[in-house]
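I have placed the structure first, in the form of structure tokens, so that the comments after it can refer back to it.
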Amino acid sequence: IKIMQNIGVVFVKMGQYSDAITSFEHIMSESPNLKTSFNLILCYFAIGDREKMKKAFQKLIVVPLGIDEDDKYIPPNDDPHMNLVIEAIKNDPLRQMERERKAMAERFIMTAAKLVAPAIEASFAAGYDWCVEMVKASQYVELANDLEINKAITYLRQRDFNQAVETLKMFEKKDSRVKSAAATNLSFLYFLENDFGLADRYADLAMSADRYNPAALTNKGNCVFARGDYEKAAEFYKEALRNDSSFTEALYNLGLTYKKLNRLEEALDCFLKLHAIMRNSAQVMYQIANLYEMLEDLTQAIEWLMQLISVAPTDPQALAKLGDLYDNEGDKSQAFQYYYESFRYFPSNIEGIEWLGAYYIDTQFCEKAIQYFERAALIQPTQVKWQLMVASCYRRSGNYQKALETYKDIHRKFPENVECLRFLVRLCTDMGLKEVQEYATRLKKVEKMKELREQRVKSGRDGSARGRREGSAGSENGQSSYVTSAKGERMSAKLKSLPGVNDPYETSNNKDIDASYVDPLGPQIERPRTAARKRVDEDEFADEELGDDLLPE
């Protein structure tokens, strides 16, 4: 039989599925076993024979395992001698082999069902339903629930969220293990849809069904995190880690929570532990680099960003961040290299464009700066400053005619822009053009309108301030503190301002402006990982975003 099995496997390797089927069918008629039965299903799948796939699946679930029933290992209370015997054999090598054989049978059945379900009926849902009915009538009746959860996860992969939710909701009245797995997945789904109320409800349901489920505890922590109660969220993540010390979602989210609480050393410790588990995770490396920057250890921050780039060499935000750190260190040439690399991969990044344009102006190459500001003007056509910078570069490089044409074009688009009119008056005066009087008159008119607007705003502000003072006169003494938080974690970086927008004709004042840098590898909102537990594969359900949003597997 073993020789025949190996012959069948060789035929499969050679692509001769019909010959392999002949060998496997002979074995199943003489001495059926799990591996041969599974291989036969694979061969029928390869040739696309629906009916034979069904028959082979039915044969797989009735293959005798040759193991004792679990009842044999339940000790009778009234027989001390038998109790001792059962205590001795309940975990001996034979019992371990029986467990392994049963686990292998369940794995083959689950894998075969996932493979044939989409192929045996018109839709994968109908195929799963058929497999579930077959399994319910067999000795593996407990696998039917796992197949239903697999069906829900297949709906998720096909982006059919409503059907996935409906399928999972059927498990609310099932036994605790299945209920916990389904509720965890539902909590995960509602969390991704920002319905934190329902996510919290299903996380509680999953925890009540199985308090030791680390995925359920992590999802509960995420819901608390979303409400801003970071101390309580940290407790749930720590409880999840006590149940499963290698549960990476909980460890990552604990690091984010400590970061929110400004406990930076503890956050760094979490991410360094996580790096030991996930050596090539770009998100983890970014978090470590970011924490070192917050701790003002720029050398270590740069070193970790270099490691990140070795893993994700084309990430434009990571490259731009590295350029920003080198700029803060005063190394302009290295900063230029990384900002330029970032621009190559992401030519629409305004912060990178702004820095490169300012760099070329700073190094007296105004002609090269023009292309960057023209690109910025295309990306943000309603922002007048980019077009003013283009005109300023023409003026600084001595191309006054082109500068004049550019200012005129800006004036047509933004007739109330004071800076543009001032430069038009200056240029027309220096070039001796007749339009100077016309532009001077417009400038006075626009300045007058601007002054009137400011006066109206100021008087309105004064009136509202008086009203507030009067309204608070009778209130009790007390202080309220208001904490504002940005909708995503941003880091402030100081860049030189782009000269020539508000400056006099020949000056190049340098002023500091705040530029916002968004965390690389992820969206702006720093949210915790979610976790959804699949009973079948014993791993986590996956989302595809990276970054501070590290989501579940």
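Figures for the structure shown
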item	result
Filtered residue count, the stretch 264-293, keeping only those that are open to solvent by less than 60 Å² (accessible area, probe 1.4 Å), assigned to a helix (DSSP H, G or I) and either under 16 Å from Pro214 (Cα atoms) or hydrophobic (A, V, I, L, M, F, W, C) (or both)	12
Matching option when the condition is among the aromatic types (Phe, Trp, Tyr), farther than 27 Å from Thr441 by Cβ and open to solvent by 80 Å² or more (accessible area, probe 1.4 Å), among Phe373, Phe346, Phe365	Phe365
Residue list for the stretch 7-38, restricted to those being open to solvent by 60 Å² or more (accessible area, probe 1.4 Å) and within 45 Å of the chain's Cα centre (by Cα)	Val10, Lys13, Met14, Gln16, Tyr17, Lys35
Filter result (out of contact with any Lys or Arg (no Cβ under 8 Å at 6 or more places or on another chain) and either on the phi > 0 side of the Ramachandran plot or in contact (Cβ under 8 Å) with a residue 24 or more places away in the chain (or both)) within the stretch 67-107	Asp68, Glu98, Arg101, Lys102, Met104, Ala105, Glu106
Some residue of the stretch 376-389 being within 29 Å of Glu296 (Cβ to Cβ) and among the β-branched types (Val, Ile, Thr)	no
Qualifying positions in the stretch 239-263 - in a helix (DSSP H, G or I), over 22 Å from the mean Cα position of the chain (by Cα) and either among the aromatic types (Phe, Trp, Tyr) or surrounded by 15 or more Cβ atoms within 10 Å (Cβ to Cβ) (or both)	Glu239, Asn243
Those residues of the stretch 124-144 which are touching a residue at least 60 places away in the same chain (Cβ under 8 Å), in a helix (DSSP H, G or I) and open to solvent by 30 Å² or more (accessible area, probe 1.4 Å), in sequence order	Trp130, Met134
In the stretch 299-325, residue farthest from His275 (Cα to Cα) [restricted to those that are assigned to a helix (DSSP H, G or I) and open to solvent by 40 Å² or more (accessible area, probe 1.4 Å)]	Gln317
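Here's the yes/no breakdown for (1) in contact with a Ser or Thr (Cβ under 8 Å, 6 or more places away or on another chain); (2) part of a helix (DSSP H, G or I); (3) over 26 Å from Asp19 (Cβ atoms); (4) of a type outside the set (Phe, Trp, Tyr):
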{"site": "Leu42", "(1), (2), (3), (4)": "no, yes, no, yes"}
{"site": "Lys54", "(1), (2), (3), (4)": "no, yes, no, yes"}
{"site": "Ile67", "(1), (2), (3), (4)": "no, no, yes, yes"}
{"site": "Met82", "(1), (2), (3), (4)": "no, yes, yes, yes"}
{"site": "Ile86", "(1), (2), (3), (4)": "no, yes, yes, yes"}
{"site": "Glu100", "(1), (2), (3), (4)": "no, yes, yes, yes"}
{"site": "Ala122", "(1), (2), (3), (4)": "no, no, yes, yes"}
{"site": "Leu156", "(1), (2), (3), (4)": "no, yes, yes, yes"}
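The values are calculated or read from the model by the stated rules, or taken from the named source; none is laboratory data. All values reported here derive from a predicted model rather than from experimental measurement. Because the Cβ atoms are built from the backbone with ideal geometry, glycine has one as well, and the counts that use them run over all protein chains shown. Heads up: the accessible areas ignore ligands, DNA and RNA and are worked out on the full protein's heavy atoms, side chains in. Shrake-Rupley method; radii C 1.70, N 1.55, O 1.52, S 1.80 Å.
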